[in-house]
Amino acid sequence: MNNLAKFTIGIFLTLGMAWLAFVVGARSQFGDLVPTSEVLEDDGSVPVDAELFPTSLSGMAKQGAEEYAALGCVTCHTQQVRRVEAGFDVERGWGKRPSAPRDYVLQEHVLLGNSRIGPDLANVGLREHSDNWLHQHLFEPQSIFPSSLCPPSPFLYQQIDEPVKSDIEIVSNENADGNRFVRPTVRANRLVSYLQELKQDYELPEVSFVEVEEDVIEEEVVSTDISVVSTGAPKWLQDQIDTGKEIYMKAAPGGGMCFTCHQQNGQGLAGQFPPLAGSDWVLGDKERLIKISMYGLMGEIEVNGVKYNNVMAPPGIPPGSLTDEQIASVLTYIRNDWGNSASAVSAEEVATVRESLKGRAPMQMFTAAELTTPVQ
Amino acid sequence: MSVDSPDKVIDRSAKLVFSFFLSSAGLWLLTAALLAYVAAAKLTDPFFLSTYEFLTYGKIKVAQANAFVYGWGGNAIFAVSIWILARLSQAEVRGSVFIVFAGVIWNLAITFGLLGIMDGHMSGHEMLEMPTEVWPAMLISYLIITFLVLVIHRSRQVRETIAPQWFILAALLWFPALFLIAWNGLEINPARGTLQTVLSMWYGQSLVWLWLTPVALGAAYYLIPAILGRTIDKYYLAIFGFWCIAALAPWSVVHHLEGGPVPMWIPAIGTVMSIAMVFPIAVASTNFHATAFMDIGKVWDSLPLRFVIFGTLSYTVSSYIGVVFSLPAVAKITQFTIINEFHFNQRVYGFFSMIIFGAVYFALPRITGKEIPKAAKSFHFWTSTLGVLMLLLAYLIGGLTHGVLAGQPSLPWASSVIQSIQPYFLITKFAFIILAFSQFVFVVNVWRVIFPNPFAFFAADDKEASA
């Protein structure tokens, strides 16, 4: 310890051992990975004419990666799907499979990141966001997710007063002066093409897709992309379902906040909150549903043969404040999502039930027994 | 001059470099505090200053970490290690002009580096985000300073070295080695794919473990006996603790890659070595606290020591928490959450900075001959304590909430997971305001002593020398 030279050698040796492992050793182990095909021949060779993965980014996306790095997106976004036993990433729908070292060999900037104030972006290109959606998100994330902490990047856009067709409409959820139009700069376009190309949608010999249970939601559902999931339903019905879904998911005045208990996937929580998907109550008598939506429900209830005992405050913020139209919409929605398919509920039907309950004190919750016994 | 004690001669020889590094460190500390506030404010209101591209969150956050580690950390390390090594070597500081010259280059390099980050030339490598153009300047100026520090050490009067010297010398020597390894692996012979991440993460975490940490430990090993006037209890363990850190810390830092796209042995080794770190932590903790608690009244009365003991306690607690969080079962929840912020701030504020504050308050009166008012120091101590504890609790509880909620795939991300940790960001914003205020007090305390009359600094120096 007293001889500086020996001391220096000592401390460099200890450091050098870790260096040998993490730098030299790791490089010799997986420093020469190359793209390969999804499935190998029996002898381990790459089949002739097979498509090779990963593919390299397009020129524009490569420039987008530079922007991504320069703006420090990696501060809040990871780009790695962890192994199933190490985290919830696949369950959350952030990827079809865990990421592998080979996925990154063609990237100039490997931006794995180590913080997730924002969601993982390794597979953002698989989430079927439109370019406009991504532009709107980059311009002002809060116009899509009101509680997002992602910094708006108005400096990547030009605000336009007289929009042409290619300009992007920023749909504000609270801005009273109406919607704004912006024109993306070339940097914004690069970023969006980079994001769209971020996807690990191929299998590799060392890693295959993970089967995930069906009831897991793919991603956050937001008002702007509801129209994308349109089925063959008539427009009035689809509108009612869309509005109903908004109410179901909204946790602010005018919303029903239903998803907090019954969950976004309509499955409820085992033992606590009954499911709505496939529920004999939801698909059954409308009048009972309307009554519950006005006054709430307490006590024991049996849904699909399972007993639950909990309190459901009258939906709405403040409780019991949903209008006839809102109740009609949200009930129509829950009767027509998650595989449910039942007749729509109209505002008139709600009004009739409300009329029949005129004498009932506000906030006086129903019990299941009261609802199942025939009205005198 | 012949009647001066040797210590006084040494202190006087260190005055120029110590004052230079300390006053620059103070400026960086305030810069970092301002950036930390802006970053924290942006997490409570994303629209705060959002129209300025150079102030976007990703850049500010990174600039703040770099200003803190290289600006404040680097300058503070130079100031404290030069003085402690000169004192322990009983040798005068020579070549002050060269040291200051190199120090100016170091500070200019970081300034340009931060401007480069804000101007959009950030590299994506952890703790090496400054544009590559400034790396040579940083390395060369660092090597000049380190060389001159080694000269001081080589001219020591007593051949036997003690714990503070090992820790400080090792830290000074490890940094350029780490820097060169990272530079080579990331830019000169760039590794492909996730090897880059392994290397940059290894570098970024090692910087804290092998550069900031040993300097602070070394300073604690020097200050506790010096102030209490008693030897370190169970001092024979210190050498074991030192080599444990040297041997284990470089391995332990990669456990953050748990579950990621790297071979499994990398995080696995990291986890095992993190657990083994309980030994050096226990050693340092025993050495410091067994000594301090023999004379706890004196610790309380001496403000420098109060800072140091706060730092060593924080080191012990944070390191044990770090061990727990490296266990795979816990890492599954806490990985990628704002617990990372807890670790970083615990280490750089709660541990490193607090010990540096203590060292400065101990050294500065001896070097300049001017006492800092006790009330000012005390105010600094209490505001720091309040700010640090607020910050750490918010990040710890917020991080656990973050992890637990994120682990439930049915909860939507922005409207549920992120919304529920927003209150904690609000707390951190207030904590950063308190810390900024406290650091301002520190800088004022220091500057008032170094520059009692800003324009007569060198003149006063001459007068003192000729007196």
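The values are calculated or read from the model by the stated rules, or taken from the named source; none is laboratory data. Small disclaimer: the values here were computed from a predicted structure and weren't measured. All Cβ positions, glycine included, derive from the backbone under ideal geometry; neighbour counts span all protein chains shown.
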- Scanning the stretch A:292-312 for residues that are free of Cβ contacts under 8 Å to residues at least 60 places away in the same chain and crowded, with 18+ Cβ neighbours inside 10 Å, which turns out nearest to A:Val353 (Cα to Cα)? A:Ser293
- Task: Report, ordered by the first and then the second residue, all pairs with beta carbons closer than 7 Å, sequence separation of six or more or different chains, a first member in the stretch B:258-276 that is at the interface with another protein chain (Cβ under 9 Å from one of its Cβ atoms) and in contact (Cβ under 8 Å) with a residue 60 or more places away in the chain, and a second member that is assigned to a helix (DSSP H, G or I) and of a type in the set (Asp, Glu).
- Result: B:Pro261/A:Asp103
- Unmet criterion (only one of (1) in contact with a Gly (Cβ under 7 Å, 6 or more places away or on another chain); (2) facing chain B (nearest Cβ under 7 Å)) for A:Asp89: (2)
- Message: Checking A:Ile241 against (1) under 30 Å from A:Arg127 (Cα atoms); (2) aliphatic (A, V, I, L, M); (3) in contact with a strand residue (DSSP E or B) (Cβ under 8 Å, 6 or more places away or on another chain), only one condition comes out false. Which one?
- Response: (3)
- Query: Would you call A:Glu85 free of Cβ contacts under 8 Å to residues at least 40 places away in the same chain, of a type outside the set (Lys, Arg) and either assigned to a loop (DSSP other than H, G, I, E, B) or out of contact with any Leu (no Cβ under 6 Å at 6 or more places or on another chain) (or both)?
  - Reply: yes
- Subset of the stretch A:108-123 (residues that are over 19 Å from the mean Cα position of the chain (by Cα) and more than 7 Å from every other protein chain (Cβ to nearest Cβ)): A:Glu108, A:Gly113
- Message: Here is a check on your reading of the model: is B:Phe342 touching a Phe, Trp or Tyr at 6+ places or on another chain (Cβ under 7 Å) and either within 14 Å of chain A (Cβ to nearest Cβ) or crowded, with 22+ Cβ neighbours inside 10 Å (or both)?
- Response: yes
- Message: Take the residues in the stretch B:123-161 that are over 20 Å from B:Trp106 (Cβ atoms) and under 22 Å from the mean Cα position of the chain (by Cα); name whichever of them is nearest to the other protein chains (Cβ to nearest Cβ).
- Response: B:Gly124
- Item | Checking A:Met60 against (1) within 35 Å of the chain's Cα centre (by Cα); (2) under 27 Å from B:Leu210 (Cβ atoms); (3) of a type in the set (A, V, I, L, M), the condition it does not meet | (2)
- Which one is nearest to B:Gly403 (Cα to Cα) among residues in the stretch A:94-106 that are of a type outside the set (D, E, K, R) and facing another protein chain (nearest Cβ under 7 Å)? A:Ser99
- Message: Just checking, does the stretch B:245-256 include any residue being closer than 22 Å to B:Leu210 by Cβ and free of Cβ contacts under 8 Å to residues at least 24 places away in the same chain?
- Response: yes
- Message: Out of the residues in the stretch A:124-157 meeting the condition of being over 29 Å from B:Pro423 (Cα atoms) and either in contact with a Pro (Cβ under 8 Å, 6 or more places away or on another chain) or crowded, with 21+ Cβ neighbours inside 10 Å (or both), tell me which one is farthest from the other protein chains (Cβ to nearest Cβ).
- Response: A:His129
- Item | Matching entry among B:Leu186, B:Leu172, B:Leu199, B:Leu180 (being within 9 Å of chain A (Cβ to nearest Cβ) and either crowded, with 24+ Cβ neighbours inside 10 Å or closer than 28 Å to B:Gly124 by Cα (or both)) | B:Leu199
- Message: I'd like the full set of residues that are under 20 Å from the mean Cα position of the chain (by Cα), modelled with pLDDT of 85 or more and aliphatic (A, V, I, L, M), limited to the stretch A:170-209.
- Response: A:Val192, A:Leu195, A:Leu198
- Regarding A:Arg127, is this residue at pLDDT below 90, out of contact with any helix residue (DSSP H, G or I) (no Cβ under 8 Å at 6 or more places or on another chain) and of a type in the set (Lys, Arg)? yes
- Note on the structure: The residue from B:Thr213, B:Thr194, B:Thr231 that alone is over 17 Å from B:Ala171 (Cβ atoms) and either more than 9 Å from chain A (Cβ to nearest Cβ) or without any contact (Cβ under 8 Å) to a residue 40 or more places away in the chain (or both) is B:Thr231
- Of the residues that sit in the stretch B:325-339 and are within 12 Å of another protein chain (Cβ to nearest Cβ) and part of a helix (DSSP H, G or I), which one is farthest from B:Ala67 (Cα to Cα)? B:Ala329
- If we ask which residues in the stretch B:36-63 are within 18 Å of B:Leu426 (Cβ to Cβ) and either assigned to a helix (DSSP H, G or I) or more than 7 Å from every other protein chain (Cβ to nearest Cβ) (or both), their number turns out to be 15
- Message: Looking at (1) over 15 Å from A:Pro54 (Cβ atoms); (2) in a helix (DSSP H, G or I), which one does A:Tyr194 not meet, given that it meets all the others?
- Response: (1)
